[in-house]
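Some notes on the structure that comes next.
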Ligand SMILES: *Cc1c(COP(=O)(O)O)cnc(C)c1O
């Protein structure tokens, strides 16, 4: 497992965290080789998580596009309503294996906080979540969910009081309590070994896609599409397909039309260090992190996982940005054509997939990872469409 992806990745952290990162890497490597750990992971994935998830032919959406077949990888059906469960479960089991009784996590919109609280409860680990004060105000229902699941939610009052500040607060807690505490990082970002571990636990998505594709069509998909915030559902989709001929397309948040950056770190950022890793970052000329914007909280991050930076530079994957307005259109297509209310994050990927389908023959198979369901976004969508 590489600590670097070309020039990207690494671990730019204070000395005090180095032993904890090394212990985490050792534990994870041993766990991967341990049949007992793999059995336990797969038992919880199945019976608590609801895996494997289906690959669904979106027939009416494909007809709307008028070209290639669009298939949906239904991560919206995972326990908690999103792919975040896969990573929270895996890291929760690693924490237990390390004998650490306490989990901490950062959360922006609250989705990762809820997934961590769910796993903390299921595995009997004390759970504390850092969340920006502004986000707590915007995401009341998720704050309540975390509390009902037994987690303590700490409001973060520094900086912009959003996700970036919550990560900093969680890192400070980890430095102070590293012996008893596992920091359950929520995406394929941060210092090594986090990007590799998160990619590993999310790769169940791509493995199931590859298996279903072989059964259905006798070959891998022609194109795989996934939205990119920190990049965990996308890297989990891409990893098992890297050595096939499947084209890979990552979709970032372009923000509202006219916004200078949106949250498209790969499209509009440049290499730099954020939260312990070297990757593409939205920053100004002096290296100050720029303010991001997106209709979907889950994509609203100024950085991106280092492996995506490498896949972009190497050309193995392509990345595009989709604007808020187009994500909202795709959101409604999926509601009206398929009876599925998607989260706003994968709605960006749906829009890009439909655009790709138009240019391709009906014999092509496009798989889009539907990373989560849309219940959490109803208020935002209602406001945006004036309902
Ligand atoms: C958090 C979230 C994302 C973005 O995170 P990644 O790490 O980029 O996958 C995407 N979709 C949903 C539904 C989310 O909750």
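Computed from the coordinates by the stated procedures, all read-outs in this text should not be read as laboratory data. Note that the structure is predicted; figures quoted are calculated from it, not measured. Cβ sites come from the backbone with ideal geometry, for glycine too, and all protein chains shown count toward neighbours.
Among 286, 135, 173, which comes first, second and so on when ranked by fewest other beta-carbon atoms within 10 Å?
On the way: 286 5, 135 24, 173 18.
So the residues, fewest neighbours to most, are 286, 173, 135.
Quick check on packing: order 229-235, 217-223 by the mean number of other C-beta atoms within 10 Å, highest mean leading. Walk me through the numbers on the way to the answer.
Values: 229-235: 31.4, 217-223: 18.0.
Descending packing order for the listed peptides: 229-235, 217-223.
Can you compute the equivalent ellipsoid semi-axes for region 7-121, i.e. the square root of 5 times each eigenvalue of the Cα gyration tensor, sorted largest first and rounded to whole Å?
Values: eigenvalues 214, 66, 47 Å².
Sorted largest first and rounded, they come to 33, 18, 15 Å.
So what's the angle, to the nearest 10 degrees on a 0 to 90 scale, between helix 84-97 and the longest Cα principal axis of the chain?
30 degrees
Take the Cβ-Cβ distance between residue 257 and residue 64 as r, set R0 to 25 Å, and report the resulting FRET efficiency rounded to the nearest 0.05.
According to the calculation, E is roughly 0.65.
Would you calculate the separation in nanometres between label points at residue 122 and residue 363, each defined as 7 Å from the Cα along the Cα-to-beta-carbon direction?
Spacing of the two 7 Å Cα→Cβ label points: 4.2 nm.
Kindly put 131, 118 in sequence by how many other C-beta atoms sit within 10 Å of each C-beta, fewest to most.
The order, fewest Cβ neighbours first, is 118, 131.
Shape verdict for region 260-387, please, from the Cα gyration tensor: rounded (a/c under 1.5), prolate (a/b greater than b/c) or oblate.
Oblate, because a/c is 1.5 or more while a/b does not exceed b/c.
Consider a paramagnetic label point 7 Å from the Cα of residue 244 along Cα→Cβ; state which residues of region 191-209 have an amide N under 19 Å from it.
Residues passing the 19 Å test: 199-209.
Report the full-extension gain for the segment residue 207 to residue 384: residue separation times 0.36 nm, less the Cα-Cα distance, to one decimal in nm.
60.1 nm
FRET efficiency for residue 38 and residue 285, Cβ-Cβ distance as r, R0 = 41 Å, nearest 0.05?
So, using R0 = 41 Å, E works out to roughly 0.30.
With the Cα gyration tensor of region 184-236 in hand, convert its eigenvalues to equivalent ellipsoid semi-axes via √(5λ) and list them largest first in whole Å.
25, 11, 7
Quick one: helix 35-47 against the long Cα principal axis of the chain, what's the angle to the nearest 10°, folded into 0 to 90?
The angle comes out at about 60 degrees.
What is the distance, in nm, between label points placed 7 Å from the Cα along the Cα-to-Cβ direction at residue 154 and at residue 47?
According to this spin-label approximation, the distance is 3.5 nm.
Classify region 149-296 as rounded, prolate or oblate, taking a ≥ b ≥ c as the square roots of the eigenvalues of its Cα gyration tensor: rounded when a/c is under 1.5, otherwise prolate if a/b is larger than b/c and oblate if not.
Details: a/c = 2.22, a/b = 1.40, b/c = 1.59.
Judged from the Cα gyration tensor, region 149-296 comes out oblate (a/c at least 1.5, b/c at or above a/b).
Rounded, prolate or oblate for the chain? Axes are the square roots of the Cα gyration tensor eigenvalues, ordered a ≥ b ≥ c, and the cut-off for rounded is a/c under 1.5.
Since a/c stays below 1.5, the shape of the chain is classed as rounded.
Using a 10 Å cut-off on Cβ atoms, rank the peptides 341-352, 254-265 from the highest mean neighbour count down.
In descending order of packing, they fall as 341-352, 254-265.
How far is helix 204-217 tilted off the main Cα axis of the chain, in degrees rounded to 10, range 0 to 90?
20 degrees
Please rank 29, 73, fewest neighbouring Cβ atoms within 10 Å first, as an exposure proxy. Could you put the intermediate results ahead of the total?
Values: 29 14, 73 29.
Lowest to highest Cβ neighbour count: 29, 73.
Can you compute the helix-only [θ] at 222 nm over the chain? Use -39500 (n - 2.57) per DSSP H run of at least 4 residues, normalise by all residues, nearest 500 deg cm²/dmol.
-13500 deg cm²/dmol
Taking the simple approach of a point 7 Å from Cα along Cα-to-Cβ for both residue 325 and residue 18, what is their distance in nm?
It works out to 5.2 nm between the two label points.
Any idea how far the Cα center of region 148-181 sits from the one of region 285-339, in Å?
Taking the Cα centre of region 285-339 as reference, the centre of region 148-181 is 25 Å away.
If packing is taken as the average count of other Cβ atoms within 10 Å, what order do 33-39, 197-203, 104-110 fall into, highest mean first?
Taking the mean over residues of other Cβ atoms within 10 Å, the ranking is 104-110, 197-203, 33-39.
For Cα pairs less than 8 Å apart in space and 6+ apart in sequence, what is the mean separation divided by the residue count of the chain, i.e. the relative contact order in percent?
21 percent
Please work out the FRET efficiency for the pair residue 137 and residue 29, using the Cβ-Cβ distance as r and a Förster radius of 35 Å; give the result to the nearest 0.05.
In this case the efficiency is close to 0.30.
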